[in-house]
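Working notes, beginning with the structure itself.
Just so you know, all these numbers are worked out from the coordinates, no wet-lab data involved. This structure is a prediction, so every number in the text was calculated from the model and none was measured. Here the Cβ positions follow ideal geometry from the backbone for every residue, glycine too, while neighbour counts run over all protein chains shown.
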Amino acid sequence: MLVSDVPALRDYWYPIAYEGEVSPEPRSFRMFGEQYVVWRPAEGAAPHASLDECPHRSSRLSQGWVADGCIVCPYHGWRFDGDGACVEIPANDPDLPVPSRARVQSVAVTERYGLVWACVGEPSNDLPYLPEAEAEDYVLIHELMEEWSASAPRIIDNALDVSHVAWVHKDSVGSAANPRLSDFTVEREGYVLRFSVSYVAAVNEQQKQNLGITSDLTRRTTHAELVQPLIFRGVLEYEENGLRHVLYKTATPVDDGTTLFCQFIARSDRPSPEIREQIAEVDRIVQSEDKRLLEAVNPDFPIDVTSELHTRSDRMTLEYRRVLGDLAATGGAS
Ligand code: FES
Ligand SMILES: [Fe+2]
């Protein structure tokens, strides 16, 4: 299954940029193989987004600019408001009405958790609710947003797949000598999955400082949740000191084989800015280990559960295949 095979995936919200990256300077982004443009009518105002193609002669609106709260096409200066309606055609007599068909298809865009989110389909699903990302007793840390040459379901599948940690991350946070997972059960509610599993993680010198843990190995529990089909939340809880490191991973489909991967965390220990940077650094190293592996994997994600081998420790990723299979079959109806 490729993301373009499941139109229901278009009806969810996905991050496209950090809030501070969107300004009155038009900025292009791609989702589901199409190019869009996002811009603010004024500094600090709520953003607008639309297809990045002028309905007149197809030029890229992202090459234009913003004037009087409208986006101006760079080719013949047509102006479009935040709803996508053309409000001015400078070459025509101003008394001549603007044709009603002169409009560019706008898309839903909003801001939350320090990110700009877009929905290019029918925005029928809520924005994902990520409780710790806005809780007062946690601190939110943005770690990375980058394009990977991997498909979005492969990235989320990897996040749900705890048994890879001991191997893919054996040089960072995994312990290849301790690959065994605790027992766990997977709960499913519609398209949401939840499970909790514990395992042994390695603690290197930098992690000792970041986590406030002194031993070389520690037992941690991941309370994992598939919040939406391409949005993961994982609460990593350390047995030794009760610290909660909440990982959020979002996979914005750029096209079938490319994904804008975004990771941010919420920490219960409210670390100092210096430690925050060290924490992010470790997580970026861990993610680069996943990236290297995932970019070499076929982007076509198997939703026929008979086509691969599944064992007892694969129950969460087996269920993820069923979730995406059901989404493909039902079109997202619950
Ligand atoms: S192509 Fe945009 S105004 Fe002509
Ligand atoms: Fe990983």
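Some points to look at:
- Test: W78 is among the aromatic types (F, W, Y), surrounded by 14 or more Cβ atoms within 10 Å (Cβ to Cβ) and closer than 24 Å to I231 by Cβ: no
- Number of the exception - S182 against (1) free of Cβ contacts under 8 Å to residues at least 40 places away in the same chain; (2) under 24 Å from A133 (Cβ atoms); (3) more than 16 Å from ligand 2 (Cβ to nearest atom): (2)
- Check on C54, at negative phi, free of Cβ contacts under 8 Å to residues at least 40 places away in the same chain and near ligand 1 (Cβ under 10 Å from one of its atoms): no
- Within region 104-142, the set of residues being among the polar types (S, T, N, Q) and surrounded by 18 or more Cβ atoms within 10 Å (Cβ to Cβ) is empty.
- Some residue of region 139-162 being closer than 23 Å to L294 by Cβ, within 16 Å of ligand 2 (Cβ to nearest atom) and among the aromatic types (F, W, Y): yes
- Selected residue (criterion: farthest from the chain's Cα centre (by Cα)) from residues of region 163-213 that are of a type in the set (A, V, I, L, M, F, W, C) and surrounded by fewer than 14 Cβ atoms within 10 Å (Cβ to Cβ): A177
- Of all residues in region 36-79 being farther than 16 Å from A102 by Cβ and of a type in the set (D, E), the one that is farthest from ligand 2 (Cβ to nearest atom): D68
- Filtered residues of region 143-162 (kept if outside any loop (DSSP other than H, G, I, E, B) and either surrounded by fewer than 18 Cβ atoms within 10 Å (Cβ to Cβ) or among the charged types (D, E, K, R) (or both)): E143, L144, E146, E147, R154, D157
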